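One structure is given below, encoded as structure tokens.
The values are calculated or read from the model by the stated rules, or taken from the named source; none is laboratory data. It should be emphasised that the depicted structure is a prediction, and the values quoted were computed from it without experimental measurement.
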Amino acid sequence: MNQKIIAIALIALGTLFTSIAATLYKLGADSWNFITIFIGFCLYFTAGVLLILALKRAEVTLVYPVFATSYIWVLIIAFFLFKEKFNFIKIFSIFLIILGIIALSFGSHQQTNQKIRAELK
């Protein structure tokens, strides 16, 4: 299997873990439930390990922007679970994150294409 696909799968799982961890931190902080906070900490730690494994398989310019999607997931979870409101700034921020991921993805593909062309010469 392609190493970049594995890296993206690892980081996607990592973003899920960080999003759940942030939610658990909020739930634990509201009630001072240390078990909930500890589970959130464990999920953050696991996400960190997944990030390292993803970075071993792909460029940081590909992996880290995908990791930034955790901010989007946290906003969505907060909307449904904590009834936090969306406003223009939050929606615009999500748009910018997605736009940045797309732009960096194109840059990564362009570097790969240049490497292939150089090897063919």
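If Pro65 passes every condition in (1) modelled with pLDDT under 85; (2) over 16 Å from Thr15 (Cα atoms) but one, which one does it miss? Only one criterion in (1) modelled with pLDDT under 85; (2) over 16 Å from Thr15 (Cα atoms) is unmet by Pro65, namely (2). Of the residues making up the range 32-68, those that are of a type in the set (Gly, Ala, Ser) and assigned to a helix (DSSP H, G or I) are Gly40, Ala47, Gly48, Ala54.
Just the residues that are more than 9 Å from the chain's Cα centre (by Cα), among the β-branched types (Val, Ile, Thr) and more than 27 Å from Gly28 (Cα to Cα), please, taken from the range 57-88. Of everything in the range 57-88, those that are more than 9 Å from the chain's Cα centre (by Cα), among the β-branched types (Val, Ile, Thr) and more than 27 Å from Gly28 (Cα to Cα) turn out to be Val60, Thr61. Just give me the residues in the range 69-96 being in a loop (DSSP other than H, G, I, E, B) and at pLDDT below 90, in sequence order. Selection gives Phe86 alone.
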